[in-house]
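Single-structure report; data block below.
The values are calculated or read from the model by the stated rules, or taken from the named source; none is laboratory data. This structure is a prediction, so every number in the text was calculated from the model and none was measured. Cβ sites come from the backbone with ideal geometry, for glycine too, and all protein chains shown count toward neighbours.
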């Protein structure tokens with residue numbers, strides 16, 4: 001199973017417009033967490049030092065640095081170093097690069113689609129048995145190894161119908177495919 005990834009051209013929004021979007025707010029919150037959100041939600045124009053941000057936002061310097069590093073790891077911030085010639089200390093000047101957010105979100109959706117398709121295939125290709133008392137689910141081969149008895153409770157394992165789970169995955173996969181404008185391709189053996 002493969003994905004044909006169409007080329008999507010994204011119109012870059014202004015910072016203010018971008019940060020008003022609830023999806024982008026949630027994305028940033030997931031990345032930097034509640035302590036880093038003031039840093040992510042207030043990107044300055046141009047370069048800024050971590051010390052300036054900490055003072056401006058009235059935050060602990062370590063929390064600011066943590067948020068900046070997470071943004072950097074996700075290609076949403078970059079920095080350049082300057083060395084003070086007298087003291088030898090390094091100063092980091094940070095620049096926010098939020099124009100990459102739409103592309104990052106699109107990449108996340110593709111990863112989610114791929115993971116859902118693989119999980120759906122796993123669910124469809126296997127037969128499962130459930131121990132309700134222990135809250136455990138076993139593949140057929142595992143259940144057979146335990147003589148269809150729960151290893152924790154000793155109760156008989158019951159067949160588990162996962163059709164509702166597969167149906168929910170099918171619906172979400174269809175939604176993602178529509179959102180990404182992706183068609184499924186079939187791998188044909190040579």
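A few comments on the model shown:
- Verdict on residue 82 being modelled with pLDDT of 85 or more, over 21 Å from the mean Cα position of the chain (by Cα) and surrounded by 15 or more Cβ atoms within 10 Å (Cβ to Cβ): no
- Top-ranked residue of region 1-59 - restricted to ones that are part of a strand (DSSP E or B) and at pLDDT 90 or above, ranked as surrounded by the most Cβ atoms within 10 Å (Cβ to Cβ): 48
- Filtered by the rule that a residue be in contact with a helix residue (DSSP H, G or I) (Cβ under 7 Å, 6 or more places away or on another chain) and exposed (fewer than 15 other Cβ atoms within 10 Å of the Cβ), region 61-77 gives 61, 75.
- Sole residue being surrounded by 13 or more Cβ atoms within 10 Å (Cβ to Cβ), modelled with pLDDT under 95 and part of a helix (DSSP H, G or I), chosen from 99, 117, 108: 99
- Of all residues making up region 80-131, the number that are more than 26 Å from residue 25 (Cβ to Cβ) and out of contact with any strand residue (DSSP E or B) (no Cβ under 6 Å at 6 or more places or on another chain): 17
- Residues of region 132-180 satisfying the condition of being in contact with a strand residue (DSSP E or B) (Cβ under 8 Å, 6 or more places away or on another chain) and under 29 Å from residue 103 (Cα atoms): 177
- Any hit, region 87-95, residues being in a loop (DSSP other than H, G, I, E, B) and touching a residue at least 24 places away in the same chain (Cβ under 8 Å): no
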